[in-house]
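For reference, the structure is listed below as structure tokens.
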Amino acid sequence: MGILDAIGRVFRGRAGGPPIVVVSGLPRSGTSMLMRMLSAGGLELVVDGIRTADDDNPNGYFELERVKDLDKSGNASWLADARGKGVKVISALLPHLPPEYDYKVIFVRRSLPEVLASQRKMLERRGEATDAVSDDDMKAHFTAHLRRIEAQLASRTRCDVLYVEHRRAVTEPSAVAAEVGDFVGDLDVEAMAGAVDASLYRNRA
């Protein structure tokens, strides 16, 4: 660390400390699976349990409702208590993470046809309309969105990013767990790999 970085951290005060581990990706991309892996590996998670397990996510969602307000003008000081812990932040909200903290972002990539199929199944279970927007239009929207988010992550300071392929996490859990363990540090890699439930990989392209 250079002298300017050290001085900057002193003046930033309580914004220093260990990075916040952020799991992100599109809805239905496998972020809950990654959160479960981190929990099994020994990382403390910031969750509230409000959204409980269901048929779409039998092992739970690992979410925090306060995350949904990141794009609003509310108080995000709660992130200070998330340092050194894991929190799930959907990709659309990543640009709204306050710049005064350090982040390690684990971004889950999944085949867009699989994401769309999984989203459609979830809407069908809830009795909601599934034909409001065509798959082609949604695929184009998600493709543009991901390009924009990945460019923003690449240009962001105080932010390290690890990209994880959903299919590989399911088919090669030990290898992916080792990569995540190296990225985050001090995790039980074997327990992480064991937390992957391949039977839940139900929407395959």
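The values are calculated or read from the model by the stated rules, or taken from the named source; none is laboratory data. Everything numeric in this text was worked out from a predicted model, so none of it was measured. FYI the Cβ positions are ideal-geometry reconstructions off the backbone, even for glycines, and counts take in every protein chain you see. Keep in mind that these areas ignore ligands, DNA and RNA; they rest on the heavy atoms of the full protein, side chains included. Shrake-Rupley method; radii C 1.70, N 1.55, O 1.52, S 1.80 Å.
A few remarks follow.
- Boolean, A132 is part of a helix (DSSP H, G or I), free of Cβ contacts under 8 Å to residues at least 60 places away in the same chain and of a type in the set (G, A, S): no
- Segment 89-127, residues that are open to solvent by 50 Å² or more (accessible area, probe 1.4 Å) and either in a strand (DSSP E or B) or of a type in the set (S, T, Y) (or both): R109
- Listed conditions (1) modelled with pLDDT under 95; (2) assigned to a loop (DSSP other than H, G, I, E, B); (3) surrounded by 19 or more Cβ atoms within 10 Å (Cβ to Cβ) are all met by G74, apart from (3).
- Pairs with Cβ under 8 Å, 6+ apart, first in segment 97-126 and over 11 Å from G30 (Cα atoms), second modelled with pLDDT under 90 and crowded, with 18+ Cβ neighbours inside 10 Å: A117/N203; K121/N203
- For first residues located in segment 65-94 and among the hydroxyl-bearing types (S, T, Y), partners that are part of a helix (DSSP H, G or I) and crowded, with 18+ Cβ neighbours inside 10 Å and lie 6+ apart or on another chain with Cβ distances below 8 Å form the pairs S91/I149.
Residues checked against (1) modelled with pLDDT under 95; (2) hydroxyl-bearing (S, T, Y); (3) assigned to a helix (DSSP H, G or I):
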| position | (1), (2), (3) |
| --- | --- |
| R168 | no, no, yes |
| D182 | no, no, yes |
| L187 | no, no, no |
| E190 | no, no, yes |
| A193 | no, no, yes |
| V196 | no, no, no |
| S199 | yes, yes, yes |
| R202 | yes, no, no |
| A205 | yes, no, no |
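For every residue, the table says whether it meets (1) under 17 Å from the mean Cα position of the chain (by Cα); (2) of a type in the set (F, W, Y).
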site: G41; (1), (2): yes, no
site: D48; (1), (2): yes, no
site: R51; (1), (2): yes, no
site: F62; (1), (2): yes, yes
site: E65; (1), (2): yes, no
site: K68; (1), (2): yes, no
site: S77; (1), (2): no, no
site: D81; (1), (2): no, no
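- Identity of the residue in segment 49-71, over 27 Å from P173 (Cβ atoms) and assigned to a loop (DSSP other than H, G, I, E, B), that ends up least open to solvent (accessible area, probe 1.4 Å): L70
- Scanning segment 20-36 for residues that are under 12 Å from V87 (Cα atoms) and among the charged types (D, E, K, R) yields a single hit, R36.
- Count of segment 168-190 residues which are under 11 Å from V108 (Cβ atoms) and surrounded by fewer than 16 Cβ atoms within 10 Å (Cβ to Cβ): 1
- Residue ID - farthest from A195 (Cα to Cα), chosen from residues in segment 20-44 that are open to solvent by 40 Å² or more (accessible area, probe 1.4 Å) and in a loop (DSSP other than H, G, I, E, B): P27
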